[in-house]
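Reading through the structure tokens given below for one structure.
The numbers here are math on the coordinates, done by the rules we state, and not lab data. A quick note: this is a predicted structure, and the numbers were derived from the prediction, not measured. Every residue, glycine among them, receives a Cβ derived from its backbone with ideal geometry; neighbour counts consider all protein chains shown.
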Amino acid sequence: MNGKITELLSLAISGKYLAIALGYVVIFKPASIIIGLILKKYTPTDTEDNRGLISGGEMIGYLERILILTFMIIGQYSVVGFILAAKSIFRFGELNNTKNHNLTEYVLLGSLLSVTITSIIGLLVKL
């Protein structure tokens, strides 16, 4: 019985599974901090047009990064493109109608940074 437990533990903590677990850890707060630091100088001023859910963008970023990393790990790269296209279509009308172009560029920069960081992490995990 101890042999089976030891075998399961060694499998669970093998390098590949540790890399995957670390990838998921990094895409949460560390990636958000990096994105926030890069976008800091581009943050639009707070106006009525900019208000949304409290931490809504952060939650969307977390979900987006989870999906992208998961699909990269399982080799479904085309789904990553679909996620980007779906998000772009969904946001296009909202951002196109706004007169605040700073917000449009800010959202675009944030999305592209999120996808780039997660894609790099996904590629590193796949090594």
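What's the FRET efficiency of residue 74 with residue 29 using the Cβ-Cβ distance as r and R₀ = 22 Å, to the nearest 0.05? Walk me through the numbers before you get to the answer.
On the way: r = 24 Å, r/R0 = 1.08.
Between residue 74 and residue 29 the formula returns 0.40.
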Task: Additional length obtainable on full extension of the chain from residue 43 to residue 120, 0.36 nm per residue less Cα span - done: 25.3 nm
TODO: Starting from the Cα of residue 17, step 7 Å along the direction of its Cβ; do the same at residue 4; then give the gap between the two resulting points in nm.
DONE: 1.6 nm
Task: Counted charge near residue 17, where neighbours are those whose Cβ lies closer than 15 Å (Asp, Glu -1; Lys, Arg +1) - done: +1
